[in-house]
Amino acid sequence: MERTRTEKTIINLTYAMLCQFIIFILEFYMRKEFSSMLGEIYLGLDSTFSSVLIMISANNLGIVSAIAYSLYKPLAESDEKQLKAAFKFLRNSCWVMGILFGAVGIIFSYHLNLILNNADVILDVKIIYLLYLINAILPYFFAHRRWLILNDQRRYIVVLNSFISTVLGLLARLIFLKIYKSFLIFSICMLSATLIEGVITFAVSNKLYPFLKYRITEDLTKSEKKAILKNVKGATLNQAFGLVIHTTDSVYISKIAGLIIAGIYAPYKFIINALKTINWQFCESIAAGFGNLAAVGDIKKLEKRFYDVLFIGNCFFSAVVCNLIVNFSPIINIWMPKNHVFNNIVVAIILFNFYLMGIHKIVKTIRDNMGIYWPARYITICEALINLVISYFGAKFYGIAGILGGTTISILFTCFWWEPYLLYKYGFKTKLAVYFKKQLLYYALTFVCCCICVNLCKKLVTQAGGVKIFYNTLIVLVVQSSIFFFTFKNSEEYLFFKELICSKIWRRND
């Protein structure tokens, strides 16, 4: 029996969360070993290279997703001829981008001093950079197959493939790190994991879609290509400058503050990135369902589902922010005893940025999957320019707090209001006030929860270490869940999820 969109979303999300949890535990342990064996300088180097090369990653560059949007309609309508034509265009585009960005990355290898202080004193730094570059470029040569599976609402398959290769890569890195204590061998193991994922994706896609085994002769019409390229232009500007924004912090920290501070920031960044990945997995799991609803023109239902997703997203972000505002430094102290910790102001800015970016990701996911690329082309240009200038001067006067604060200001002045404005104007075609009324309430409740939790934890918890984290978490769980429950217990969004969960439980019992 054909599964509904909701059932497919739940399956995708379940696989994604379970796999991500296991990967997080392994990466958490690996980072601890990495820090103790190689030190903060190599930890900072890994963080900097990862942040810079994410700009050309096939998983993050909006060009691929904008082209892949053309797969939704033929998949929804089972139009194999149109699907082949759209897939061929996507494949050729991915290959061209892989070659182009690889060439640009090689040229940049001669200018590493632009992002690193004293890059030449680090052993094998250029070879390590090239390995990271290949790791970022390689996915372009199987991204088209990956997106075909994703847009067919079979994300759980992609997640399992990624899970297998990532776990194998992490285990290999842990073993060789303990044996050789070499960052170069560590980087080779990372690249091997990406290669394994590509091989698995190739084999699985051939089995799911037999037409991939044969030469594709179908082509898109000129008008179809023109429509896709218009979206690509908008997505390229939007995503490219968006990646500049996400890279600015790491580059400024490593270049202005130095690799030592970058190494101190690395564990904070690792935890935040792991949480961002959970949100990313959530957004990608629901993306195909929203794309399918948009393709069939059910906008009213799409808007209602958006509010449901916004509710569950805010519940997650609020719980995380309230927990980490009291537990971030204790976790770092236990995880990496030799690592320094930042003051409360820096931690608060990190968490506020995390919350803002998380909600932005949810809104952007819905906008992208409604095909609204072109009107959004200027958002991240403005955001990037504001961020580059304010973070630079902020670094000069306030150090890392100024760099991260520059990111906060750039978000508030641009995508905080601009992204939902475009979604409502071109997508839902309804008034934006409904969104801000809901979202500002979520922010206000989270702020109140944080204030209550910080004061209660200071007064009631006197222990240290793991015991302190446990009691802090217990207080946060009671306070945050109680406030959200009594505020939203009669809301449509809460009742929707309550009914959904109950129906699944009853179905299993039957």
| said: Just to be sure I understand: if I project the alpha-carbon convex hull of the range 174-223 onto a plane and average over all orientations, what area do I get in nm²? | reply: 6.3
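How far, in nm, would the chain grow between A444 and V467 when pulled straight, counting 0.36 nm per residue and subtracting the alpha carbon separation?
Working it through step by step, the gained length comes to 5.3 nm.
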| note | With a 30 Å threshold on alpha-carbon distance, the violating pairs from K225/K429; K304/K458; K269/K498 are K304/K458; K269/K498
| field | Alpha-carbon centroid distance for the pair the range 405-441 / the range 159-176, whole angstrom | value | 38
| message | Shape verdict for the range 276-510, please, from the Cα gyration tensor: rounded (a/c under 1.5), prolate (a/b greater than b/c) or oblate. | response | oblate
| remark: Filtering the chain for DSSP H helices with an axial alpha carbon extent of at least 30 Å and a Kyte-Doolittle mean of at least 1.6 returns 183-208
| query | Relative contact order, percent, of the range 323-445 when contacts are C-alpha pairs under 8 Å separated by at least 6 residues? | reply | 25
| message | Defining a contact as two alpha carbons under 8 Å apart and six or more residues distant in sequence, what relative contact order in percent does the range 276-510 show? | response | 26
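Rounded to two decimals, what is Rg over Rh for the range 404-510 when you use alpha-carbon atoms and the Kirkwood radius?
Here the Rg-to-Rh quotient is 1.10.
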| said: If the only charges are +1 at each Lys and Arg Cβ and -1 at each Asp and Glu Cβ, what is the size of the charge dipole of the range 408-510 around the Cα centre, to the nearest 20 debye? | reply: 40
| query | Can you pull the Kirkwood radius for the chain, inverse mean 1/r over Cα pairs, to one decimal in Å? | reply | 24.0
| field | the chain, relative contact order [Cα under 8 Å, separation at least 6], % | value | 20
| field | Entries in K233/K300; K226/K364; K301/K431; K226/K361; K178/K276; K300/K489 that, when Cα-Cα distance is taken, lie over 18 Å | value | K233/K300; K226/K364; K226/K361; K178/K276; K300/K489
| Between rounded, prolate and oblate, where does the range 411-450 land on the alpha carbon gyration tensor, with a ≥ b ≥ c its root eigenvalues, rounded for a/c under 1.5, else prolate if a/b exceeds b/c? | oblate
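Please report the projected area of the range 44-220's Cα convex hull averaged over all directions, in nm². Mind showing how you got there, number by number?
Working: hull surface 43.0 nm².
Mean projected area of the Cα convex hull: 10.8 nm².
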| query | Cβ under 14 Å from C19's Cβ, C19 left aside: what net charge do those residues give with Lys, Arg +1 and Asp, Glu -1? | reply | -2
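Only the coordinates and a few stated rules stand behind these numbers; no lab work does. Quick caveat, the model's predicted, so the values are computed rather than measured. Virtual Cβ from ideal backbone geometry, glycine too; neighbours counted across all protein chains shown.
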